[in-house]
Amino acid sequence: MFLMDDIVRDGDPVLRQEAKKVKFPLSADDKKLAHNLMEYLEVSQNPELCEKYKLRAGVGLAAPQVGVSKMMASVLVPNDDENEKGKPLFKDVIINPVIVSNSVQRGALTEGEGCLSVDRDVPGYVPRSARITLKYQDVDGNEHKIRLKNYPAIVCQHEIDHLHGILFYDHINKDNPFKRDDDEVFIY
Ligand SMILES: CNC(=O)c1cccc(C)c1Nc1nc(N2CCN(c3ccccc3Cl)CC2)nc(N2CSC[C@H]2C(=O)NC)n1
């Protein structure tokens with residue numbers, strides 16, 4: 001399983017590369033990669049295991065962040081409502097993802113964004129599309145076309161950025177990091 005030592009940090013050129021499309025059917029290595037990318041999120045979101053393995057919790061992890069420049073990322077956005085039965089807002093390994101359309105309306109996490117590959121706090125709003133239509137293949141090669149909004153939409157945009165060599169702070173307004181556009185929605 002991946003540990004923090006396996007996570008590539010900002011400054012490594014792999015984080016600024018355009019990742020390669022993944023071929024289907026998945027090789028055994030790519031199947032293992034997909035499994036490990038999702039396993040990291042599950043373990044990191046479990047308080048005991050997160051502590052035990054000294055992980056940083058995350059809701060998304062892209063293959064380039066573990067040094068593999070392939071178009072694959074895991075997303076696990078938990079349902080933060082009280083009842084434990086709450087199934088995740090979104091859970092899948094998105095392969096060869098493409099944002100096929102996005103809302104004009106922008107959205108940002110009120111508290112800014114963090115990234116497992118960026119060891120420093122970079123304050124500021126990361127303006128993204130408030131809603132997206134996402135096309136991707138899952139590990140079995142099935143095509144999906146889904147509409148996402150709010151937190152899951154933000155996380156998927158953050159992860160897809162990684163596949164194109166973009167980091168969240170690239171989007172923060174240099175002059176006024178906390179610039180709020182009037183019609184922007186703030187999430188979380
Ligand atoms: C600088 N301010 C901040 O970081 C920030 C500060 C406050 C709030 C938010 C909301 C912030 N922002 C932010 N918080 C997160 N987590 C909240 C805690 N959570 C988590 C933690 C513990 C158990 C289970 C879970 Cl689920 C894990 C995920 N994650 C992301 N991002 C940006 S999109 C990819 C995603 C990611 O996984 N990053 C590692 N941003």
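Look at R180 and say whether it is in contact (Cβ under 8 Å) with a residue 24 or more places away in the chain, under 20 Å from P78 (Cβ atoms) and of a type outside the set (S, T, N, Q).
Numbers: in contact (Cβ under 8 Å) with a residue 24 or more places away in the chain: yes; under 20 Å from P78 (Cβ atoms): no; of a type outside the set (S, T, N, Q): yes.
It is false that R180 is in contact (Cβ under 8 Å) with a residue 24 or more places away in the chain, under 20 Å from P78 (Cβ atoms) and of a type outside the set (S, T, N, Q).
For (1) away from the ligand (no atom under 13 Å from the Cβ); (2) closer than 12 Å to R106 by Cβ, each residue gets a yes or a no:
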residue	(1), (2)
D140	yes, no
Y151	no, no
V155	no, no
H162	no, no
I172	no, no
D183	yes, yes
I187	no, yes
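Which residues, taken from the stretch 28-50, are among the charged types (D, E, K, R) and either touching a strand residue (DSSP E or B) at 6+ places or on another chain (Cβ under 6 Å) or closer than 21 Å to C115 by Cβ (or both)?
Once the filter is applied, which keeps residues that are among the charged types (D, E, K, R) and either touching a strand residue (DSSP E or B) at 6+ places or on another chain (Cβ under 6 Å) or closer than 21 Å to C115 by Cβ (or both), the stretch 28-50 yields E39, E42.
Conditions first: (1) closer than 22 Å to L41 by Cα; (2) outside any helix (DSSP H, G or I); (3) open to solvent by 10 Å² or more (accessible area, probe 1.4 Å). A108 passes all but one, so which condition is the exception?
Exception for A108: condition (3).
Under the condition of being in contact with a helix residue (DSSP H, G or I) (Cβ under 8 Å, 6 or more places away or on another chain) and in contact (Cβ under 8 Å) with a residue 12 or more places away in the chain, which residue from the stretch 145-170 is surrounded by the fewest Cβ atoms within 10 Å (Cβ to Cβ)?
That would be G165.
Which residue, of G86, G165, G124, is within 15 Å of the chain's Cα centre (by Cα) and under 27 Å from K54 (Cα atoms)? Outline the logic, then answer.
Working: G86 fails: within 15 Å of the chain's Cα centre (by Cα); G124 fails: within 15 Å of the chain's Cα centre (by Cα).
Matching residue, one of G86, G165, G124: G165.
Which of the residues that make up the stretch 21-55 are of a type in the set (S, T, N, Q) and crowded, with 19+ Cβ neighbours inside 10 Å? Even if it seems obvious, please write down each step before you answer.
At the first step, the residues of the stretch 21-55 found to be of a type in the set (S, T, N, Q) are 27, 36, 44-46.
Correct list: S44 only.
Can you name the residue in the stretch 89-105 that is surrounded by fewer than 17 Cβ atoms within 10 Å (Cβ to Cβ) and part of a loop (DSSP other than H, G, I, E, B) and is also farthest from the ligand (Cβ to nearest atom) among such residues?
V104
The values are calculated or read from the model by the stated rules, or taken from the named source; none is laboratory data. Treat the numbers as computed from the prediction; the structure is a model and nothing was measured. Cβ atoms come from the backbone with ideal geometry, glycine included; neighbour counts cover every protein chain shown. Heads up: the accessible areas ignore ligands, DNA and RNA and are worked out on the full protein's heavy atoms, side chains in. Shrake-Rupley method; radii C 1.70, N 1.55, O 1.52, S 1.80 Å.
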